[in-house]
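Take a look at the structure below.
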Amino acid sequence: MKATGHDTVERRLIEAAQCDPRRFAELYEANFDRVYAFVARRVPSRDEAEDVTAEVFHQALSGIAGFEWQGTPFIAWLLGIASNLLARRWQRAAHQSEVGIDDIELETVAADADRHTLFTQLLDRLPDDQRRVIECRFFAQRSIREIAREMGRSEGAVKQLQFRALETLRAQLTNRHE
């Protein structure tokens, strides 16, 4: 089987990510839409699709050093990871549905949903730069250096934005509980 131009580019991206995990972002960008679409067709909610997709890329990043190029598109490996994650989720869900949910668990789920809603509202009140730093840092699990590069700012500026955002969120939470 003859390698195509796409194969060559993809192989170079994989090799670069194996040498420097920060380069994995290029593979992520190139494959995110297909992985998300694959997962979203198989789960009931957008939140679950986002969670599973994030886990797929987390596992892929963790395992990229051991990935061996065999001429198969990289997306096939990613979709294999997604399939395994989905199968495990379905098995857990089937097992858990046999157990049943009591009132205490329902109250806990409701309280968690309330906290999530409150946090989302507080996050939306932050200035755009601060909200973006918090989302990148804590949801996307990016480093200060990556965020600084992406935003075109110094690492110190990103740290300051993060500090201000967290202080604002703390103050808003304190004011709500008083």
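Each value in this text was obtained by applying a stated rule to the coordinates, not by laboratory testing. What you see is a predicted model, and the numbers here were worked out from it, not measured in a lab. Glycine also receives a Cβ, built like all others from the backbone with ideal geometry; neighbour counts cover every protein chain displayed.
Between A54 and S83, the modelled label-to-label distance comes to 2.6 nm, taking each label 7 Å out from Cα in the direction of the beta carbon.
Working from label points 7 Å from Cα in the Cα-to-Cβ sense, the A140 to E68 distance is 3.4 nm.
Between A40 and F119, residue separation times 0.36 nm minus the direct Cα-Cα distance comes to 26.0 nm.
The trypsin sites (Lys or Arg not before Pro) of the range 5-92 that DSSP puts in a loop, and whose beta carbon has at most 11 other beta carbons within 10 Å, are R41.
When only alpha carbons are used to place a centre, the range 147-176 and the range 40-78 end up 30 Å from one another.
What does the net charge come to around V9 if you take all other residues with beta carbon closer than 14 Å to its beta carbon, with K and R at +1 and D and E at -1? In short, -2.
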